């Protein structure tokens, strides 16, 4: 799956480079707060995690840019049932492709599709640990939306994003479960002046 994500990003970068006025590459990372939404109304509690990876910022015009990214993200949720608590930890390679509208000096509004490739799925209830990767769909489709701010003439910036999962992460069963989460992060674009 990591290989597939790398191929998707490389293809997007080549297409963007061929038509773009300017391309900047960068790194990013930060905090996640994720939860799992269930169609039957079962409520889970959110869990904190992290994301880290790479990005390309491709200028299409003065106001529009395309930003493909590839990063590792920890998702999941906590489920409490009386005195018992189960923590679900999901690891994904996420590949969003965001269309950005640049307003003011450094402020960007962004939205676009995102595909996630499952790397791991583990749960823990007390001392009992379980790998349930075979019960989770290997691909997760969603939408990402948010805003970022690039500090002028530095290459450093901040990013806030909401990710809405659209596809059912369960392989079996009648309950549809989707990933939902917030990301707060920092990024650095190389050769940005």
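Computed quantities for the displayed model
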quantity	calculated
D (Stokes-Einstein, µm²/s), Kirkwood Cα radius, the chain, 0.890 mPa s at 25 °C	141 µm²/s
Label point distance in nm, residue 54-residue 153, each placed 7 Å from Cα along Cα→Cβ	3.0 nm
Between 0 and 90°, nearest 10: helix 2-19 axis offset from the chain longest Cα axis	20 degrees
Gained length - residue 78 relative to residue 174, 0.36 nm times residue gap less alpha-carbon distance	32.5 nm
Pair residue 104, residue 162: separation of 7 Å Cα→Cβ label points (nm)	2.0 nm
Rounded FRET efficiency, nearest 0.05, which uses the C-beta distance separating residue 38 from residue 138 and R0 of 25 Å	0.80
For the chain, calculated [θ]222 nm from helices alone, where every DSSP H run of n ≥ 4 adds -39500 (n - 2.57)	-3000 deg cm²/dmol
GNM result for the chain, Cα springs below 10 Å: residue of 95, 175, 115 fluctuating most strongly	175
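Any read-out appearing in this document is the output of simple, stated calculations on the displayed coordinates, not a laboratory observation. Since this is a predicted model, take the numbers as computed values, not measurements. We place every Cβ from the backbone using ideal geometry, glycine too, and count neighbours over all the protein chains shown.
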